[in-house]
Amino acid sequence: MANIDRDQVLHVARLARLELREEEVERLGAQLNDILAAVSKVSELDLSDVPPTSHPLDVVNVWAEDEPRPCLPVEEALANAPEREGNYFKVPPGGPA
Amino acid sequence: MSEWEIVVGLEVHAHLKTRTKMFCRCELEYGAAENTRTCPVCLAHPGALPVVNGRAIEYTIKLGLALECEIASNAVFARKNYFYPDLPKGYQISQYEAPLCGPGRLVVPTADGDEVVRIVRAHLEEDAAKTLHAGGATGRSVGAEYSLVDFNRGGTPLLEIVSEPDLRSSEAALRFLRLLRQTIVELGISDAEMEKGTMRADVNVSVRKRGEEGYRPRWELKNMNSFTFIGRGIEAAAREQIAAYERGETLQQSTYDYEPDTDRLTVHRSKEEADDYRYFPEPDLVPIEPPAELVERLRAEVPDPPGARIRRLEPAVGFDVAYALVTTERDLLYAGLVADGVEPRLAANWVMNDFAATGDDPGAVDVAGMAAVLKTPGLTRDALAEATAASAQPGFSAADYTSRTAVSDASELGPAIDAVLAANPQQVETYRGGKEGVLGFLVGQVMKETQGKADAKVVNQLLREKLTQDA
């Protein structure tokens with residue numbers, strides 16, 4: 001069975017830009033392993049005749065007409081911005097952490 | 001010939017010309033004031049759900065058909081996860097294992113035969129927002145103090161076309177790109193203008209010894225947005241790789257930026273130090289299974305491809321003229337003139353020289369009228385020039401020009417010439433005395449005598465003959 005080790009927890013945390021305390025690394029690692037164990041129960045079934053599924057609903061081809069709808073007023077769009085400069089969202093610099 | 005061979009593959013991005021974004025109905029408008037084209041979906045507010053733009057699906061299938069791609073029976077959107085300020089959801093919705101368009105090809109005609117470039121896939125995704133990096137010296141993210149984000153572009157539909165590494169020179173890469181661009185533009189699905197940022201390319205370059213099997217590690221040149229720089233970037237990458245191999249070094253696969261000012265490559269700072277995107281099927285969107293009748297309707301809308309048009313014109317006008325006519329999108333005008341009875345070389349010459357100089361829209365030309373003008377025997381040069389200038393303008397009437405023919409028949413011009421010679425005995429003597437410069441004066445007199453209707457070239461010749469004969 002798959003097992004998430006400490007390095008993988010730290011790797012995923014870095015990809016998500018999360019800073020974890022030591023006890024969180026352990027606790028989240030254990031939780032991730034529990035989730036994997038629960039999901040891997042599926043592999044106990046014989047699925048050789050079941051085609052791969054990308055979506056649980058038996059529905060395809062849902063799309064909308066290419067017709068514009070109103071946008072948010074710029075003040076509303078920026079209402080939740082922690083910081084702004086003019087009508088731009090102001091954020092910490094991007095790039096590698 | 002160098003013992004080294006260049007190997008190039010391209011990933012081309014084109015902005016689709018839909019009215020609204022890929023997964024929400026915010027209107028696309030280039031140059032709109034910042035953050036005025038946003039909504040809860042493209043700002044990634046919690047709970048907001050994407051809805052696919054049907055027209056973007058149609059456009060992508062059309063492109064796939066034009067590139068002879070397999071159209072997927074089941075296409076799936078996928079999340080590409082990475083963390084960056086231009087991506088508010090923390091992932092980009094793209095397509096991964098099941099793109100809309102599978103393997104295809106683009107046949108690029110050249111004077112020495114066809115270059116077949118295989119297409120790996122073409123898929124749909126959403127573009128990221130625009131970030132401006134403030135502070136720091138370079139205007140890039142590295143070293144910036146903070147970034148400013150405009151989400152107008154965030155979530156706009158982007159078509160990605162991936163070629164196999166089938167291109168063997170910078171020229172071949174540019175020929176492919178130009179023909180691909182024209183195909184896209186003629187489909188009406190994108191303006192695909194590099195200068196305006198509606199088309200850009202990632203260029204994968206490696207080199208290998210001629211005859212060598214397999215490929216060596218490639219360098220990816222990111223976000224190239226000019227044909228000139230793509231050509232130079234390929235040359236620069238190949239040059240540096242060959243030099244490294246000849247020094248006995250080995251190379252790694254890596255990503256570079258091409259610096260046009262120095263003609264050098266610098267290592268690209270990746271958004272994600274490890275390319276670990278953790279793709280998985282987008283749970284908020286159901287699969288696309290293009291219905292056969294939709295695909296057939298779209299197939300009927302795909303125009304005659306430019307490559308085939310070049311080959312069809314080639315026998316009449318030669319490869320270079322055929323290529324020029326098609327790639328400047330003037331071939332329909334040419335074909336119309338020929339269909340109306342204009343001799344092919346005359347038609348091609350008029351279209352590519354006289355008409356091209358006007359800069360007018362070839363689609364606006366009165367083809368039947370202009371054909372009548374071009375077929376008029378003995379049309380004066382002035383009449384042709386005026387007709388050319390007016391041919392794409394409203395109110396053009398062929399009859400204004402077709403009556404303006406020059407008299408070039410010797411029997412008609414004979415009496416006028418005799419009259420002029422009889423009236424100017426002194427000039428005739430001067431000419432016969434060896435001063436041929438006086439001929440111009442005599443030509444002018446004949447033109448005056450005929451109210452400008454004579455063909456000056458013919459008059460010139462007839463005068464010379466007479467003056468020599470009767471001496």
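Quick notes on this structure:
- For the stretch A:13-70, a tally of residues being among the basic types (Lys, Arg), surrounded by 10 or more Cβ atoms within 10 Å (Cβ to Cβ) and under 26 Å from B:Tyr82 (Cα atoms) returns 3.
- Selection within the stretch A:38-79 - away from every other protein chain (no Cβ under 14 Å) and assigned to a helix (DSSP H, G or I): A:Ala38, A:Ser40, A:Lys41, A:Val42, A:Ser43, A:Glu44
- Residue in the stretch B:436-449 that is assigned to a loop (DSSP other than H, G, I, E, B), loosely packed, with under 12 Cβ neighbours inside 10 Å and within 52 Å of the chain's Cα centre (by Cα) present: no
- Inclusion of B:Val142 among residues that are over 30 Å from A:Glu75 (Cβ atoms), at pLDDT 95 or above and either within 14 Å of chain A (Cβ to nearest Cβ) or touching a strand residue (DSSP E or B) at 6+ places or on another chain (Cβ under 9 Å) (or both) is not warranted.
- Residues in the stretch B:419-435 that are within 57 Å of the chain's Cα centre (by Cα) and in a helix (DSSP H, G or I): B:Val420, B:Tyr431.
- Members of the stretch A:80-91 that are under 24 Å from B:Arg25 (Cα atoms), within 25 Å of the chain's Cα centre (by Cα) and outside any strand (DSSP E or B): A:Asn80, A:Ala81
- Those residues of the stretch A:17-32 which are basic (Lys, Arg) and within 14 Å of another protein chain (Cβ to nearest Cβ), in sequence order: A:Arg17
- The set of residues from the stretch B:56-99 being in contact (Cβ under 8 Å) with a residue 60 or more places away in the chain, buried (at least 23 other Cβ atoms within 10 Å of the Cβ) and in a strand (DSSP E or B) comprises B:Ala75, B:Phe77, B:Ala78.
- Looking across the stretch B:295-309, the residues that are part of a helix (DSSP H, G or I) and surrounded by 15 or more Cβ atoms within 10 Å (Cβ to Cβ) come down to B:Val295, B:Leu298, B:Pro306, B:Gly307, B:Arg309.
- A:Arg84 in contact with a strand residue (DSSP E or B) (Cβ under 9 Å, 6 or more places away or on another chain), at the interface with chain B (Cβ under 8 Å from one of its Cβ atoms) and within 20 Å of B:His45 (Cα to Cα): no
- Residue in the stretch B:404-417 that is part of a loop (DSSP other than H, G, I, E, B), under 44 Å from the mean Cα position of the chain (by Cα) and within 30 Å of B:Asp361 (Cβ to Cβ) present: yes
- Residues that are outside any helix (DSSP H, G or I) and surrounded by 15 or more Cβ atoms within 10 Å (Cβ to Cβ), drawn from the stretch B:227-257: B:Leu251, B:Thr255, B:Tyr256, B:Asp257
- A:Ile35 being under 24 Å from B:Tyr91 (Cα atoms), more than 9 Å from chain B (Cβ to nearest Cβ) and part of a loop (DSSP other than H, G, I, E, B): no
- Only a single criterion out of (1) more than 26 Å from B:Leu180 (Cβ to Cβ); (2) surrounded by fewer than 16 Cβ atoms within 10 Å (Cβ to Cβ) is not satisfied by B:Pro315, namely (1).
- Here the strands (runs of 3 or more DSSP E) wholly within the stretch B:100-212 that include at least 3 residues being surrounded by fewer than 21 Cβ atoms within 10 Å (Cβ to Cβ) are B:104-110, B:113-126, B:130-134, B:199-209.
- In the stretch B:1-55, residue nearest to the other protein chains (Cβ to nearest Cβ) [restricted to those that are over 23 Å from B:Lys130 (Cβ atoms), small (Gly, Ala, Ser) and assigned to a loop (DSSP other than H, G, I, E, B)]: B:Gly47
The values are calculated or read from the model by the stated rules, or taken from the named source; none is laboratory data. In this text the structure is predicted, and so the values were computed from the model without any measurement. So basically every Cβ, Gly included, is an ideal-geometry build from the backbone, and we count neighbours across all protein chains shown.
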